[in-house]
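Visitor: What follows is a single structure, and I will ask about it in a moment.
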Amino acid sequence: MPIDPIARMEVGLKLSQWVWAAGVLVALAVSALLATGHWMGQDRIRIEQLLFAAWTLGPPCWFVLQHRLWPPVTEGYERFRIHQSLLKAIWAGVLAFLAAIMFGRWG
């Protein structure tokens with residue numbers, strides 16, 4: 001791990017981008033499988049609950065972990081803030097999408 005604080009923060013931001021991209025892809029893939037009926041009955045309910053709980057609790061835990069392991073430095077604080085604001089918006093959007101699919105009335 002780099003010793004330079006700015007380089008360390010940049011490593012955290014790069015890792016964060018990959019983790020979030022993977023998380024969004026997994027959430028969308030599982031949602032697509034749920035929507036097409038690959039899982040039914042109790043399995044479907046459990047998978048929905050697991051996905052919703054993971055997406056609700058996972059990102060805030062990631063924000064705390066990222067802040068502790070790759071803290072923002074004074075010179076790069078604005079970049080860190082903008083990065084987390086963008087991820088927060090993505091998190092809220094996917095969470096609203098999952099809530100609409102899982103708790104909404106369709107048909």
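Visitor: Touching a Lys or Arg at 6+ places or on another chain (Cβ under 8 Å) and modelled with pLDDT of 85 or more, is that true of Pro72? Reasoning before the result, please.
Guide: Values: touching a Lys or Arg at 6+ places or on another chain (Cβ under 8 Å): yes; modelled with pLDDT of 85 or more: yes.
So Pro72 fits the description; yes.
Visitor: Among Val94, Val26, Val19, which is the only one that is without any contact (Cβ under 8 Å) to a residue 24 or more places away in the chain and under 14 Å from the mean Cα position of the chain (by Cα)? Walk me through how you get there before you give the answer.
Guide: On the way: Val94 fails: without any contact (Cβ under 8 Å) to a residue 24 or more places away in the chain; Val19 fails: without any contact (Cβ under 8 Å) to a residue 24 or more places away in the chain.
Residue meeting the stated conditions: Val26.
Visitor: Do the conditions hold for Leu34, that is, is it within 25 Å of Val11 (Cβ to Cβ), out of contact with any Phe, Trp or Tyr (no Cβ under 7 Å at 6 or more places or on another chain) and among the hydrophobic types (A, V, I, L, M, F, W, C)? Show your work before the answer.
Guide: Numbers: within 25 Å of Val11 (Cβ to Cβ): no; out of contact with any Phe, Trp or Tyr (no Cβ under 7 Å at 6 or more places or on another chain): yes; among the hydrophobic types (A, V, I, L, M, F, W, C): yes.
No; evaluated as a whole, the condition is false for this residue.
Visitor: Inspect all residues belonging to the range 31-51 and state whether any of them is of a type in the set (Lys, Arg) and surrounded by fewer than 14 Cβ atoms within 10 Å (Cβ to Cβ). Give the steps one after another, and end with the answer.
Guide: The first filter runs over the range 31-51 and keeps only residues of a type in the set (Lys, Arg), leaving 44, 46.
Filter once more, keeping what is surrounded by fewer than 14 Cβ atoms within 10 Å (Cβ to Cβ): 46.
Looking for residues that are of a type in the set (Lys, Arg) and surrounded by fewer than 14 Cβ atoms within 10 Å (Cβ to Cβ), one finds at least one in the range 31-51, hence yes.
Visitor: Cβ-Cβ below 6 Å, separation at least six or inter-chain, first residue in the range 61-85 and within 14 Å of Gln17 (Cα to Cα) and loosely packed, with under 10 Cβ neighbours inside 10 Å, second of a type in the set (Lys, Arg) and at pLDDT below 85: which pairs?
Guide: So the pair list comes out empty.
The values are calculated or read from the model by the stated rules, or taken from the named source; none is laboratory data. In this text, all values refer to a predicted model and were calculated from it rather than measured experimentally. In this analysis, Cβ positions are derived from the backbone assuming ideal geometry, glycine residues included, and neighbour counts consider all displayed protein chains.
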